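The values are calculated or read from the model by the stated rules, or taken from the named source; none is laboratory data. Since we're looking at a predicted model, the values are computed, not measured. Note that we place each Cβ from the backbone using ideal geometry, even for glycine, and neighbour counts take in every protein chain shown. Just the protein is used for accessible areas: all its heavy atoms, side chains included, with ligands, DNA and RNA removed. Shrake-Rupley method; radii C 1.70, N 1.55, O 1.52, S 1.80 Å.
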Amino acid sequence: MKDNFDFDHIALSNVLDEDAEFIPLLSADDEEQMNAEAIPEELPILPLRNTVLFPGVVIPITVGRDKSIRLIKETYKGNKTLGVLAQMNDDVEDPELNDLYKVGTVAHILKMLRMPDGNTTVIIQGKRRFRVKELTQQEPFLKASIESYNQIDTPTGKNFVALVSSIKDLASQIIEQSPNIPTEATFAIKNIESPTFLINFIASNMKAGVKEKQELLEVPELKERANKLLIHLTNELQLLELKNDIQSKVRVDIDRQQREYFLNQQMKQIQEELGGDPVQKEVEDFLEKAKKKKWNKEVDKRFRKELDKLARLNPQAAEYSVQHNYLETIIELPWGKYTKDNFDLKRAQKILDRDHFGLEKVKERIVEHLAVLKLKGDMKSPILCLYGPPGVGKTSLGKSVAEALGRKYVRMSLGGLRDEAEIRGHRKTYIGAMPGRVIQNLKKAEASNPVFVLDEIDKLGNSHQGDPSSALLEVLDPEQNATFYDNFLELDYDLSKVLFIATANSLSTIQPALRDRMEIIEVTGYTVEEKIEIAKRHLIPKLLKNHGLEKAHLSISKNVLEKVITDYTRESGVRLLEKTLAKLVRSIAKEIAMDNEHNPKITVELLGKILGPGHSKDKYQGNDVAGVVTGLAWTSVGGDILFIETSLSKGKGKLTLTGNLGDVMKESAVIAMAYLKAHSDLIGLTPEVFNNWDVHIHVPEGATPKDGPSAGITMLTALASAFTQRKVKNKLAMTGEITLRGRVLPVGGIKEKILAAKRADITEIILSEDNKKDIEEINEDYLKGLTFHYVKDMMEVINIALTQQKVKKPLTVV
């Protein structure tokens, strides 16, 4: 904590009691008595910041440092005498002897006060000067052996008397010229009889730094000290007179309208004294920068017009900062400045493959664009929208694309953006107006053709301040963005060479007109196999590097990685996988840091100890029960299998559906039931049998909402199995929509569903014939061990799915 100082010696008597031992001004007798006092051979040393204590002068100090407080308290109980030395550097919090000047002043504590804010204030009076010989004590506070630093006898004669008189006059003039110094100070100076004390008193109170005051304190000869003081006072008076002269030149009858004029005139006068006009210099700087710009005539004309306006404005006016900011924006924008594209297509493909596993469609589209650009030489950039679940690498893909093309990279997050001005900027008539974030990011990129990622475009909001998604229509329209208009810039800017890549998790929340302007590329979730490769190639090396480990410190097999993915993560992307693997790496790092023996190989048993029990995946559960069929489902975190369970009980043909099903899924069950009733003869049943039995269809995991038409053929097969009591074919799963006519329609999410089936040990899958093209797009490695049955109508499904064998203990359904 700093020791703060307050030099109001005239008002010191207000701080002290009437009976205090306080002499505001020394008389000749007091000075003689003070000089006669003996100096101790050893003194406690109090370091002072920001000031120098002179003999005879009284100053109050606020003590804040622990050492200083201990010193003051102990000294105040004793003879109240201590040594005061000024610090060379105010920033040193705990100074040693080397941090202090060697010449100081013996001081006497007149009064110690506890202030209301808890600080200790001490009033001390300087006695005689001393020089430090050596340090004798470091703790609990500094002590040093000292020797007297005597002043040479006070000179006499007319020259010295005239010198002292000049100092008095100069000090009085400074007091008169300075509005902040009370006039009582003049009386105090006139009443000082002792020349030594007069010089010390004025030196203590003059406007100077610690170094200058210390130099005066160290001057042994009084006449030399007086001369130095006179020089300083003369300089100070000249500065005061110059300041007052500047003010007097512009002093007129000031009212509110004239205040601005007065300040401007005063600033001009100061500039004349200093030399040079900063406004003119700024104008010249702008003109120099403008020479290097490749802008068109329209921009150049507008720039020079606005620059002339700036030169005429008063720098103190509010409009000046807006105008200056506007010109800075124009001059900093990369008009006509483009980075050179790298047309090495193989290199581009290599970079994209290096940074991202999978995402083939996106990579193919980027390389196609680069190929066309290479052949044609000039082409409007496409506006791509990568749409898919979180954590699949949509945003990071932008960086790879920028590197592959050799372009600058810019990212703008649109999540939660509600103000249209964030895109188009504010009109520059407002104080604090700014360009939109599109223009701001181009300034940062320093090129007019960067890769510009518009992150989370589906999370744009709107409010009374406008609709930012509508403002983006111009930005993302290749036919319009060559003349993009920013409200702040008020000039057309060419965005046609910018490669915009938008990212979104959902297309439903994107405005249709905005969605229509973008080329939608779906980025599906990663399969387990792809996640294993991503973990091996990217995540584990990155985590080892981030945790300070070597490759040899961790060994993890594909089987263990698959268990981590299937049992401990449930996501489309790899964010949770990265966090889970990070926990494994941290456990290894902890063992290494603690010098414990550890096995670098992560086993399934070790996995359970580190991560705890996992969530086992669904497996095929057999075909022993009639009415239970395995279906395939798509979820936001990938594919899954689900079981459709059908139970019959004696009743009147009531159909009950449970399992948190949505409307579409309930309708599929009703359609399946209606079809069976209409075609009961095809499976050996009579229509009356449906009126004798109540049917209950349940889909397990009731807390999870389920909907969609893809369970249609699964429900049909479950109902047929329940009423015929025939077994369902072993290790069979299916997905497809049904109609009342008996058609089987295609469904989506085939890739995810197929991989889920494979993980669940399914070997045969029934699909709509129209889904065959989806199977052909899947990597053949993922299809090994699977047999596909492509069907057109519902009876084909029943014939393939149901065996002729009855279940054990079958119901008699009549």
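A few notes on this one:
- One Cα centroid belongs to the stretch 762-792, the other to the stretch 332-408; the line between them spans 33 Å.
- Measuring r between the beta carbons of Glu37 and His598 and using R0 = 60 Å, the FRET efficiency lands at 0.20.
- The stretch 688-761, relative contact order [Cα under 8 Å, separation at least 6], %: 27 percent
- For the chain, calculated [θ]222 nm from helices alone, where every DSSP H run of n ≥ 4 adds -39500 (n - 2.57): -12500 deg cm²/dmol
- Here each label is just a point 7 Å from Cα along the line to Cβ, and for Asn559 and Glu212 those points are 8.5 nm apart.
- Signed unit charges on C-beta, dipole axis of the chain, positive-most listed residue Pro44, Gln440, Val57: Gln440
- The chain: angle of helix 360-376 to the longest principal axis, Cα-based, in degrees nearest 10: 70 degrees
- Theoretical FRET efficiency, 1/(1+(r/R0)^6), r = Cβ-Cβ of Lys133 and Lys77, R0 45 Å, to 0.05: 0.95
- Those residues of the stretch 784-800 whose amide nitrogen sits under 14 Å from the label point placed on Leu682, 7 Å along Cα→Cβ: 791-800
- Helix 66-77 vs. the chain, principal-axis angle (Cα, 0 to 90°, nearest 10): 40 degrees
- The stretch 396-522: relative contact order in percent, alpha carbon pairs under 8 Å with at least 6 residues between: 29 percent
- Electrostatic tally near Thr503: other residues with Cβ closer than 14 Å to its Cβ, Lys and Arg +1, Asp and Glu -1, net 0.
- Charge tally for Val106 (other residues, Cβ to Cβ under 13 Å; Lys, Arg +1; Asp, Glu -1): +1.
- Helix axis angle, 318-332 relative to the chain longest principal axis, alpha carbon, degrees: 60 degrees
- Farthest positive-ward along the stretch 322-463 dipole, Cα basis, beta-carbon charges - from Thr339, His426, Leu384: Thr339
- Ordering Pro541, Ile366, Met715 by the projection of their Cα atoms onto the charge dipole of the chain, which places +1 on the Cβ of Lys and Arg and -1 on the Cβ of Asp and Glu, puts Met715 at the extreme positive end.
- Stretch gain in nm, segment Arg70-Asp91, where the contour uses 0.36 nm per residue and the Cα spacing is subtracted: 5.5 nm
- Test item: Cα-centred dipole of the stretch 22-175, Lys/Arg +1 and Asp/Glu -1 on Cβ, debye: 260 debye
- Residue separation of Glu519 and Thr156 scaled by 0.36 nm, minus their Cα-Cα distance, works out to 120.8 nm of gained length.
- If R0 is taken as 35 Å, the Cβ-Cβ distance between Val813 and Thr704 corresponds to a FRET efficiency of 0.65.
- Cross-link pairs beyond the 25 Å C-alpha cut-off, checked among Lys394/Lys542; Lys301/Lys374; Lys292/Lys340; Lys143/Lys211; Lys551/Lys579: Lys301/Lys374
- Taking each residue as 0.36 nm, the span from Asn119 to Asn691 lengthens on full extension beyond its C-alpha to C-alpha distance by 196.4 nm.
- Taking all Cα pairs closer than 8 Å and separated by 6 or more residues, the relative contact order of the chain comes to 7 percent.
- Rolled with a 1.4 Å probe across the full set of protein chains, the surface gives His324 an accessible area near 40 Å².
- Label of the coordinate-derived value, Kirkwood radius over Cα pairs in Å, listed as [x] 49.5; [y] 28.0; [z] 36.4: [z]
- Over 18 Å between alpha carbons, listed pairs Lys361/Lys751; Lys361/Lys497; Lys294/Lys399; Lys563/Lys731: Lys361/Lys497; Lys294/Lys399; Lys563/Lys731
- Rough spin-label spacing in nm, given labels placed 7 Å along Cα→Cβ, for Arg537 and Gln269: 7.5 nm
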